[in-house]
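Worksheet: the structure to be examined is printed underneath.
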Amino acid sequence: MKVMMFAHGGSLNRGCEAIVRSSTNIIKEKVNKAQVYLVSSRPETDKIIPKLDKIFNGSDSQIKKFSYDWLISSLNVKFLNNESYAFSIIHKNIIKRIKDAEICLSIGGDNYCYGEQPWLYEIDRKVKAQGKKLVLWGCSIGEEDLSERKFEDLKLFDLILARESLTYNFLKSRGLNNIRLVADPAFTMEKEELELPIGWQEGNTVGLNFSPLVWKRNKNSQVAVRELINHILASTDMTIALTPHVIDHGNNDFEILYKYYEEYKHTGRVLILPDNLNAIQYKGYISRMRFFIGARTHATIAAYSNCVPTMVLGYSIKSKGISKDLFGEEKLVLGIEEISNSNKLKNGFDEMVRDEEIIKQQLQQSLPKIKKMSYKAVDYLKELVR
């Protein structure tokens, strides 16, 4: 089986790294002699993933002004309102790799959550035109995300693998029959345990992840998170480990967390993890935390998958669905509007502390099933090529 992953923006987003790393591992574990290729917009960031067979440059190509391609693209857009030619040139680094694969995995689990994606639609058409199998791998899509144009694109897929039940049930209700329920592959990802930093309390450290993405959507949340830090410091003897998980330019958790670190380092109970760790190293630290509070989905998956009680900040359908599949309900998942309410943050933290043992027991019971569902995704791939 030859598998090509595309729609990957690079591994400075450690959640994207976690998807590629864990997906590669489970495919190779379950399919003898499988070959896995990655087409990445920043291939230099992906060299840390050891089991990939090849990493290709999938960065955008520029259309030079007044060139032949520019002229044809302009005419198509102006007179036919058709962007296909332009996208086929801009994304030719991805398109030219389609011929080498049997199955093409569109791996950005969130890519269909952010408005129209006409560039993806064009790549999908090119995959099908070459007679290859097209799979949407571990996606989350809510009602607010689905347009008619996107729906038509989804019908092209040979297989849509939803990573949580809310997406699965919603897409099924819209009449899509090419969909199966799985779990995020990152639940299966290994961890690497590095030396604990100075100030870490073994068995008594709470991790805190916050992101510019969430802060931009709710500006008042930054103040509420500060009040949550004050509450933890005042009401417990725990250490707080500020935990970045995306370290990309313009979307860097470390930058926003470092401001909190500067403000609270004098307490001796607030530390910050480095901004140069990979996904399995962050998971190694998160696995040794007593509690975790996080805005980044794959940081929370790192916690859940190690039975660490977790509160999620700024939910989307993926966060709600993942929590529901783990607990049977949406447990400790705060919406984007709620996270500017410091009382809700503090009450959520207090509930997590109060129910610590119950939450750990629930995770211990549900995780084997969830990890089995992660592996089930590979069984569905094998069915495609039989």
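The values are calculated or read from the model by the stated rules, or taken from the named source; none is laboratory data. A quick note: this is a predicted structure, and the numbers were derived from the prediction, not measured. A quick note on method: Cβ atoms are made from the backbone with ideal geometry, for glycine too, and the neighbour counts reach across all protein chains shown. In case anyone asks, the SASA skips ligands and DNA or RNA and just uses the protein heavy atoms, side chains included. Shrake-Rupley method; radii C 1.70, N 1.55, O 1.52, S 1.80 Å.
How far is helix 118-129 tilted, in degrees, relative to the longest principal axis of the Cα atoms in the chain, given as a value from 0 to 90 rounded to the nearest 10? Between helix and principal axis, roughly 50 degrees. With respect to the chain, whose longest principal axis is taken over its alpha-carbon atoms, helix 68-80 is tilted by about 90°. In this structure the amide hydrogen of residue 179, modeled in the peptide plane, comes within under 5 Å of the amide hydrogens of 160, none closer than 5 places in sequence on its chain.
Under 5 Å from the amide H of residue 31 lies no amide H of any residue 5 or more positions distant or on a separate chain, with H modelled from the backbone and absent for Pro and chain starts. The protection proxy used here, the mean number of other Cβ atoms lying within 10 Å of each residue, ranks peptides 3-14, 70-81 as follows, highest first: 3-14, 70-81.
Sparse packing (at most 16 other Cβ atoms within 10 Å of the Cβ) combined with a DSSP loop state is found for the following trypsin sites (Lys or Arg not before Pro) in region 139-184: 155, 174. In this structure the amide hydrogen of residue 97, modeled in the peptide plane, comes within under 5 Å of no amide hydrogen from residues 5 or more places off or on another chain. Stretched out straight at 0.36 nm per residue, the stretch from residue 128 to residue 83 would grow longer than its current Cα-Cα span by 14.4 nm. Which of rounded, prolate or oblate describes region 115-167 when judged by the alpha-carbon gyration tensor and an a/c cut-off of 1.5? In terms of gyration-tensor shape, oblate. Take the Kirkwood radius over Cα pairs of the chain, plug it into Stokes-Einstein at 20 °C and 1.002 mPa s, and you get 99 µm²/s for translational diffusion.
Using only alpha carbon pairs under 8 Å that are at least six residues apart, calculate the relative contact order of the chain and give it in whole percent. RCO, the chain: 16 percent. Taking the C-alpha atoms only, the angle from helix 356-384 to the longest principal axis of the chain is near 10 degrees.
Counting only protein heavy atoms and using a 1.4 Å probe, what share of the accessible area of the chain belongs to carbon plus sulfur, as a whole percent? Looking at the chain in its full context, I get 48 percent from C and S. Per residue, the chain reaches -13500 deg cm²/dmol at 222 nm when only DSSP H runs of four or more residues are counted, each adding -39500 (n - 2.57). The radius of gyration of the Cα set in region 16-80, together with its Dmax, comes out at 18.0, 50 angstrom.
For the residue pairs 216/371; 47/126; 33/331; 216/346; 54/172; 216/265, the C-alpha atoms sit more than 29 angstrom apart in 216/371; 33/331; 54/172. Look at where the Cα atoms of region 274-352 and of region 21-38 average out, and the two centres are 28 Å apart. With a cut-off of 13 Å between beta carbons, the residues surrounding residue 157 carry a summed charge of +3, where Lys and Arg count +1 and Asp and Glu -1.
Computed packing ranks the peptides 35-44, 341-350 as 35-44, 341-350, most packed first, by mean other Cβ atoms within 10 Å. Positive contributions from Lys and Arg (+1) and negative ones from Asp and Glu (-1), summed over other residues with Cβ under 13 Å from the Cβ of residue 298, come out at +3.
Of the beta bridges in the chain, as assigned by DSSP with both residues counted there, near 5 percent are antiparallel. Among residues other than residue 145 with Cβ under 13 Å from its Cβ, the summed charge is -2 (Lys and Arg +1, Asp and Glu -1). Sequentially through region 197-205, phi angles give Karplus couplings (6.51, -1.76, 1.60; θ = phi - 60°) of x, 4, x, 5, 9, 5, x, 8, 10 Hz, Gly and Pro residues having no value and appearing as x.
Model label points for residue 33 and residue 148, set 7 angstrom from Cα along the Cα-to-Cβ axis, are 4.8 nm apart. Tell me the per residue accessible area of region 81-233 using a 1.4 Å probe; a whole number in Å² is fine. For region 81-233, the solvent-accessible area averages 41 Å² per residue.
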